[in-house]
Amino acid sequence: MKIRQTTRTPEALEELGRRVERVRLQRNTSLEDLAKEAGIGIATLQRLETGENVNFKTLIKVLRSLNRLGDIDNIIPDIEVSPFEILKQGGTPRRRASRSNG
């Protein structure tokens, strides 16, 4: 399943969990071994793989153990601010968004 902008949160979590499980199985790694390597409990890993809510720290630990943490750069790339943009904003990088008038 492709995760799209319109995908509901529960379905996106389930798909993310399925993908983590597929990567784990492709590596031929058991739940127990991955949980131990990631430093989390087996039940926590099961929750992740079934699409239940887990925290970012858990996801990062699991992705690191699966050698997939760097893939986050594909999802949310680091945005470089050009020196011209900094000058345009008064010499300091933007720290917060302005209010919308909508």
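Among the residues of region 36-54, those that are among the hydrophobic types (A, V, I, L, M, F, W, C) and over 12 Å from Leu66 (Cβ atoms) comprise Ile40, Ile42, Ala43, Val54.
What is the residue count in region 63-80 for residues that are assigned to a helix (DSSP H, G or I) and touching a helix residue (DSSP H, G or I) at 6+ places or on another chain (Cβ under 8 Å)? Before the answer, list the steps.
Step one: filter region 63-80 for residues assigned to a helix (DSSP H, G or I), giving 63-65, 69-75.
Now restrict to residues that are touching a helix residue (DSSP H, G or I) at 6+ places or on another chain (Cβ under 8 Å): 63-65, 69, 71-72.
Going through region 63-80 one residue at a time, the tally reaches 6.
Listed by first and then second residue, the pairs linking a residue in region 1-18 that is of a type in the set (D, E, K, R) to a residue that is modelled with pLDDT of 95 or more, with Cβ atoms under 6 Å apart and 6 or more places separating them unless they lie on different chains, are Glu14/Gly51.
If you go through region 32-62 and keep only what is touching an Asp or Glu at 6+ places or on another chain (Cβ under 7 Å), buried (at least 17 other Cβ atoms within 10 Å of the Cβ) and assigned to a helix (DSSP H, G or I), you end up with just Glu49.
Looking across region 1-27, the residues that are part of a loop (DSSP other than H, G, I, E, B) and farther than 20 Å from Asp71 by Cα come down to Thr6, Thr7, Arg8.
The values are calculated or read from the model by the stated rules, or taken from the named source; none is laboratory data. What you see is a predicted model; the values in this text were computed from it and never measured. Reconstructed Cβ throughout: ideal geometry from the backbone, glycine too, with neighbour counts over all protein chains shown.
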